[in-house]
Amino acid sequence: MTVETSTTNTSGFDRQRLRDLATGSVTSIAVTLIAVIVVGLTWIGPNFLQASNITIIGTFVAVPMLVAAFAGFALLGGVVDLSIGSMVGFSSCLCATLLGWGWPLGAAIPVTLVACVAFGAVNATAVVIFGADTIAATLGMLVALRGVCYLMAQPSGSLAAFDANFYAFTNLTVGPLPLLFVIALVVIIIAAFIVTRTRLGRHVQAAGGDDRAATRAGISVTRVRFGALLLSALGAGIGGVLYVGQLGSASNLTGTGLEFQVYAAMMIGGYSILRGGVGNPIGAALGLLVVAGTSNILDVQAISPYFTNIIVGLLLLAAVLLDRLRGGDAYE
Amino acid sequence: MTDATTMAQSASMKQPEGLRTKLPSGWGTAATVAAAWIVLIVASGIHRPDFLSHQTVLAVSFTMAIVGILAVAQALVGMSGAILDLSQPTALILSAAVVAWLLERGVPVPVVAIAGILVGAAWGLANATIIVFGKLNPIIVTLATNFIGGAVMFLIFQNAQAPLKSGFSDFGRTYFLGLPNIWWPMVALVLLAGYLVPRTRYGRHMIAVGGNRFAAQARGISLRKTRFAVFGISGAIVGAAGILFAASNGPFAPAVGSTYQLPVIAGVILAGVSLAGGRGSIWLILLSVGFLSTVPTSLVFFGFSSNWQAVFQGLILIVAVAIDGFRAKRLQR
């Protein structure tokens with residue numbers, strides 16, 4: 001729908017975009033976030049919004065948010081990259097290994113990111129060039145890269161790579177907010193701008209929404225999706241590198257399950273892993289904050305973290321149901 | 001009655017593509033997978049002659065048993081057009097845990113076995129209820145129910161185990177005709193399901209829905225009933241796998257079910273079952289799962305540490321889906 005409008009009438013597109021925002025997924029996720037904050041304030045009290053607690057939530061959510069900002073382009077373009085969890089782990093392990101060999105940060109980080117993008121290119125080749133099912137192919141990469149993490153972190157399972165400057169940088173704060181969280185927010189806002197305001201963003205949306213219509217409109221769906229999968233790998237690579245800075249080490253388990261955490265939050269925030277063309281990075285950020293806020297409340301109240309998974313699962317079902325009632329694809 | 005049969009026939013005829021390409025592509029897939037399996041066995045045997053031993057056969061067939069049964073359940077879901085059931089890990093462990101719990105309380109084995117199957121079927125029907133009444137995509141629904149179910153299981157137990165000194169556990173650890181007892185039910189299930197699906201009315205309904213659900217609906221096939229039947233039956237099959245899992249394994253944690261996810265999906269795709277539905281032969285699962293279950297043992301004999309297993313399994317899945325996608329692309333032209 002929006003695709004048609006965007007190619008024929010740009011100003012109408014903007015107005016429709018605004019209307020979508022008012023009634024759309026971003027609004028409902030914002031309402032959910034407010035509900036989480038209200039629950040937090042009534043159950044925990046004013047301490048919930050205390051600076052130290054906000055720092056904790058911000059530190060926890062910064063890297064997933066960065067990863068989500070990049071992975072969102074793949075979802076929007078109609079391809080899912082399930083491998084991000086292990087890609088983060090691989091990036092951490094590789095970066096830590098290189099630092100352990102005495103490489104300077106300026107060499108270790110670019111090499112790590114290039115390696116991640118190379119694995120992203122394998123995903124993209126299988127999915128875009130060969131037409132492999134995107135969930136199954138990237139699931140294969142998820143498992144393969146986790147295996148690589150285990151191999152790299154042999155025999156102890158973890159790699160120490162403490163760099164005092166890097167550690168200090170990743171733990172800087174701006175007021176109560178961790179610097180990384182602020183950076184993640186900025187990246188989210190830039191991504192949202194690209195998605196809603198630029199030609200490139202509209203091309204990605206079009207390719208994900210209806211690939212045939214996009215092809216007819218002269219957009220190279222192949223190139224968009226290939227690029228989106230590379231971006232998603234790059235985002236996971238950056239996330240992994242930042243974890244090394246934050247923690248001063250990497251382990252073969254770094255990033256395990258991150259893909260579900262991120263995609264569940266993104267789907268709660270209005271993305272779909274089955275249908276491209278929908279979702280907004282702001283929604284993804286709010287979705288992650290909802291999940292982080294929920295798990296923080298349970299944490300403070302010393303309730304088993306498994307309840308977070310139950311709540312996330314239920315929110316996920318509610319979100320896709322809401323999406324369908326709003327006019328999303330019905331499955332029959 | 002005759003009305004219904006003609007309906008079913010015309011429904012399956014609605015996919016001339018599927019019918020025409022089924023035989024050659026099925027044979028091609030079978031030949032490719034069989035060739036890969038033979039190459040793997042021969043190469044491992046040349047590298048290390050002691051690979052060709054009864055010990056290897058046992059290791060491979062133990063792995064095959066559970067993966068093969070889960071693959072049949074996954075294949076039914078895929079062929080019916082519901083793509084993937086991502087909640088299999090939870091259903092498997094849920095059934096195994098109920099089985100272990102009942103056995104500890106001295107419930108007789110036949111009753112326990114029925115309970116295990118019913119738990120799986122109930123899980124599948126619960127998924128189907130959400131899918132059908134919410135009109136939601138099975139992948140997301142089963143992703144969410146796997147999340148929720150896994151967390152609930154963790155809240156209830158950290159470890160479960162079937163009583164060791166019982167006929168039940170003995171069954172899971174002993175052999176019949178030189179192969180594990182739990183291997184035989186898997187073979188029987190694959191043969192039975194592979195025979196019934198293309199030859200019965202219900203099986204053809206399922207394939208028709210997977211091929212083109214709207215055409216099937218126009219022919220009078222109820223989509224809702226088909227979804228409930230597919231998820232109920234595939235859930236029951238996962239429940240049966242849970243029984244064999246409990247019989248053949250030591251203490252198990254709720255998370256262990258997820259280790260089966262990748263080999264099962266890879267096995268189904270290698271067998272040529274299209275995730276988009278409507279195509280595939282269940283018999284080929286014996287070949288694909290056999291091949292995939294040989295890989296870990298071969299790797300050990302080639303001197304790779306067990307950490308390499310995941311790398312190879314993942315790469316095999318990527319290559320398999322790439323070939324599957326390439327083939328589908330060529331068919332479209």
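The values are calculated or read from the model by the stated rules, or taken from the named source; none is laboratory data. Since the model is a prediction, treat every value here as computed from it, not as a measurement. All Cβ positions, glycine included, derive from the backbone under ideal geometry; neighbour counts span all protein chains shown.
Within segment A:302-314, is there a residue that is closer than 25 Å to residue A:171 by Cβ and among the small types (Gly, Ala, Ser)?
Within segment A:302-314, not a single residue is closer than 25 Å to residue A:171 by Cβ and among the small types (Gly, Ala, Ser).
Considering only residues that are farther than 16 Å from residue B:238 by Cβ and within 20 Å of the chain's Cα centre (by Cα), which ones fall in segment B:132-142? First the steps, then the outcome.
Kept after step one, since they are farther than 16 Å from residue B:238 by Cβ, are these residues of segment B:132-142: B:132-137, B:139-140.
Selection gives B:137, B:139, B:140.
Kindly indicate whether residue A:137 is within 14 Å of another protein chain (Cβ to nearest Cβ) and in a helix (DSSP H, G or I).
yes
Here are some residues: B:230, B:209. Which one is in contact with a Gly (Cβ under 9 Å, 6 or more places away or on another chain), within 30 Å of residue B:61 (Cβ to Cβ) and in contact (Cβ under 8 Å) with a residue 60 or more places away in the chain?
Testing whether each residue is in contact with a Gly (Cβ under 9 Å, 6 or more places away or on another chain), within 30 Å of residue B:61 (Cβ to Cβ) and in contact (Cβ under 8 Å) with a residue 60 or more places away in the chain leaves just B:230.
Just to check your reading of the model, which residue among B:83, B:69 is farther than 23 Å from residue B:132 by Cα and crowded, with 18+ Cβ neighbours inside 10 Å?
After ruling out the rest, the residue left standing is B:69.
Scan segment A:115-134 and give yes if some residue there is closer than 19 Å to residue A:245 by Cα, crowded, with 17+ Cβ neighbours inside 10 Å and in contact (Cβ under 8 Å) with a residue 24 or more places away in the chain, otherwise no.
The initial filter retains those residues of segment A:115-134 that are closer than 19 Å to residue A:245 by Cα, namely A:115-116.
Keeping just the survivors that are crowded, with 17+ Cβ neighbours inside 10 Å gives A:115-116.
Adding the requirement that they be in contact (Cβ under 8 Å) with a residue 24 or more places away in the chain leaves A:115-116.
Yes: one or more hits.
Count, please, the residues in segment A:268-284 that happen to be more than 10 Å from chain B (Cβ to nearest Cβ) and in a loop (DSSP other than H, G, I, E, B).
8
For segment B:55-106, how many residues meet the condition of being among the hydroxyl-bearing types (Ser, Thr, Tyr), in a helix (DSSP H, G or I) and within 14 Å of chain A (Cβ to nearest Cβ)?
Counting residues in segment B:55-106 that are among the hydroxyl-bearing types (Ser, Thr, Tyr), in a helix (DSSP H, G or I) and within 14 Å of chain A (Cβ to nearest Cβ) gives 2.
Does residue A:111 satisfy being touching a residue at least 12 places away in the same chain (Cβ under 8 Å), loosely packed, with under 15 Cβ neighbours inside 10 Å and assigned to a helix (DSSP H, G or I)?
Yes, satisfied.
Would you mention how many residues in segment B:92-118 are more than 17 Å from residue B:163 (Cα to Cα) and over 17 Å from the mean Cα position of the chain (by Cα)?
Adding up the residues that qualify gives 2.
Tell me which of these residue A:182 doesn't satisfy, since it passes every other one: (1) outside any loop (DSSP other than H, G, I, E, B); (2) in contact (Cβ under 8 Å) with a residue 12 or more places away in the chain.
With (1) outside any loop (DSSP other than H, G, I, E, B); (2) in contact (Cβ under 8 Å) with a residue 12 or more places away in the chain applied to residue A:182, the lone miss is (2).
From the list A:293, A:255, A:276, exactly one residue is in contact with a Ser or Thr (Cβ under 9 Å, 6 or more places away or on another chain) and in contact (Cβ under 8 Å) with a residue 40 or more places away in the chain. Which is it?
The match here is A:255.
Take segment B:261-286 and flag every residue that is within 22 Å of residue B:40 (Cα to Cα) and buried (at least 24 other Cβ atoms within 10 Å of the Cβ).
If the condition is that a residue be within 22 Å of residue B:40 (Cα to Cα) and buried (at least 24 other Cβ atoms within 10 Å of the Cβ), then B:263, B:264, B:265, B:266, B:267, B:268, B:269, B:270, B:271, B:272, B:284, B:285 are the ones that fit.
With the requirement that a residue be touching a helix residue (DSSP H, G or I) at 6+ places or on another chain (Cβ under 7 Å), away from chain B (no Cβ under 14 Å) and hydrophobic (A, V, I, L, M, F, W, C), what does segment A:108-134 give you?
Listed by number, the residues that qualify are A:108, A:109, A:111, A:113, A:115, A:116, A:117.
In segment B:249-260, how many are polar (S, T, N, Q) and either within 18 Å of residue B:79 (Cα to Cα) or surrounded by 24 or more Cβ atoms within 10 Å (Cβ to Cβ) (or both)?
0
Looking only at segment A:210-220, which residues are part of a helix (DSSP H, G or I), of a type outside the set (S, T, N, Q) and surrounded by fewer than 22 Cβ atoms within 10 Å (Cβ to Cβ)?
Our first condition is that a residue be part of a helix (DSSP H, G or I); within segment A:210-220, this holds for A:211-216.
Right, trim to of a type outside the set (S, T, N, Q) and you get A:211-214, A:216.
Within segment A:210-220, A:211, A:212, A:213, A:216 qualify.
Out of all the residues in segment B:1-54, which are modelled with pLDDT under 50 and polar (S, T, N, Q)? Reasoning before the result, please.
Let us first name the residues in segment B:1-54 that are modelled with pLDDT under 50, namely B:1-24.
The answer is B:2, B:5, B:6, B:9, B:10, B:12, B:15, B:21.
Would you pick out the residues in segment B:135-171 that are farther than 19 Å from residue B:91 by Cβ and in a helix (DSSP H, G or I)?
Once the filter is applied, which keeps residues that are farther than 19 Å from residue B:91 by Cβ and in a helix (DSSP H, G or I), segment B:135-171 yields B:167, B:168, B:169, B:170, B:171.
Would you confirm whether or not segment A:241-262 contains a residue that is more than 15 Å from residue B:144 (Cα to Cα), of a type in the set (Phe, Trp, Tyr) and part of a helix (DSSP H, G or I)?
Within segment A:241-262, one or more residues are more than 15 Å from residue B:144 (Cα to Cα), of a type in the set (Phe, Trp, Tyr) and part of a helix (DSSP H, G or I).
Output the number of residues of segment A:285-312 satisfying the condition of being assigned to a helix (DSSP H, G or I), at the interface with chain B (Cβ under 10 Å from one of its Cβ atoms) and surrounded by fewer than 22 Cβ atoms within 10 Å (Cβ to Cβ).
5
Just name the residue that is farthest from residue A:259 (Cα to Cα) out of those in segment A:313-332 that are of a type in the set (D, E, K, R) and either free of Cβ contacts under 8 Å to residues at least 12 places away in the same chain or at the interface with chain B (Cβ under 10 Å from one of its Cβ atoms) (or both).
So, considering only residues that are of a type in the set (D, E, K, R) and either free of Cβ contacts under 8 Å to residues at least 12 places away in the same chain or at the interface with chain B (Cβ under 10 Å from one of its Cβ atoms) (or both), the one farthest from residue A:259 (Cα to Cα) is A:332.
Which residues, counting only those in segment A:189-231, are of a type in the set (Lys, Arg) and without any contact (Cβ under 8 Å) to a residue 40 or more places away in the chain?
A:197, A:199, A:212, A:216, A:223
Looking at segment B:227-244, can you tell me whether even one residue there is more than 20 Å from residue B:69 (Cβ to Cβ), in a helix (DSSP H, G or I) and modelled with pLDDT of 90 or more?
yes
Scan segment B:153-173 for residues that are under 26 Å from the mean Cα position of the chain (by Cα) and surrounded by 13 or more Cβ atoms within 10 Å (Cβ to Cβ) and jot them down.
B:153, B:154, B:157, B:160, B:161, B:162, B:168, B:169, B:171, B:172, B:173
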